[in-house]
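Have a look at the structure below, then the notes.
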Amino acid sequence: MGYMKTNDGDIQVKTLARLRRVEGQIRGVSKMIEEERGCVDVLRQLAAADAALRAAAKHIVAHHLDSCFEEAMKSPPARQRLFKELLETFGRFG
């Protein structure tokens, strides 16, 4: 439970595409700093990268819930495990 299996190809492709965009944004921020661009411009780009990274995380959480929810509702231990995972995960995004 909770692993992005290879048969979830569409989810993987979309998530990797989002992460590659974030990677490009971060490289752009580094270049902006090297070029001594204005602080406000750099902060705007950092905020955009942060929003894109959070969108990727939400995408993964939605996939996790979709793929694990039905299984978790069948058994109290699985339900408890999913609940614990979600609390830990959301705690990290605080």
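Brief remarks on what is shown
- Some residue of region 63-77 being under 23 Å from ILE11 (Cβ atoms), at pLDDT 85 or above, touching a helix residue (DSSP H, G or I) at 6+ places or on another chain (Cβ under 6 Å) and surrounded by 15 or more Cβ atoms within 10 Å (Cβ to Cβ): yes
- Within region 38-58, residues that are within 27 Å of GLN12 (Cβ to Cβ) have Cβ atoms under 8 Å from residues that are small (Gly, Ala, Ser) in these pairs: GLN45/GLY28, counting only partners at least 6 apart in sequence or on another chain.
- Candidate set: region 27-52, residues that are surrounded by 16 or more Cβ atoms within 10 Å (Cβ to Cβ) and closer than 23 Å to THR89 by Cβ; chosen: the one modelled with the highest pLDDT: ALA49
- Taking the criterion of being free of Cβ contacts under 8 Å to residues at least 12 places away in the same chain and either touching a helix residue (DSSP H, G or I) at 6+ places or on another chain (Cβ under 7 Å) or hydrophobic (A, V, I, L, M, F, W, C) (or both), the only residue of region 24-37 that qualifies is ILE33.
- Meets criteria (exposed (fewer than 11 other Cβ atoms within 10 Å of the Cβ) and among the aromatic types (Phe, Trp, Tyr)) for PHE83: no
- Take the conditions (1) loosely packed, with under 14 Cβ neighbours inside 10 Å; (2) without any contact (Cβ under 8 Å) to a residue 40 or more places away in the chain; (3) not hydrophobic (A, V, I, L, M, F, W, C); ARG21 misses just one of them, which is (1).
The values are calculated or read from the model by the stated rules, or taken from the named source; none is laboratory data. Everything numeric in this text was worked out from a predicted model, so none of it was measured. Cβ atoms come from the backbone with ideal geometry, glycine included; neighbour counts cover every protein chain shown.
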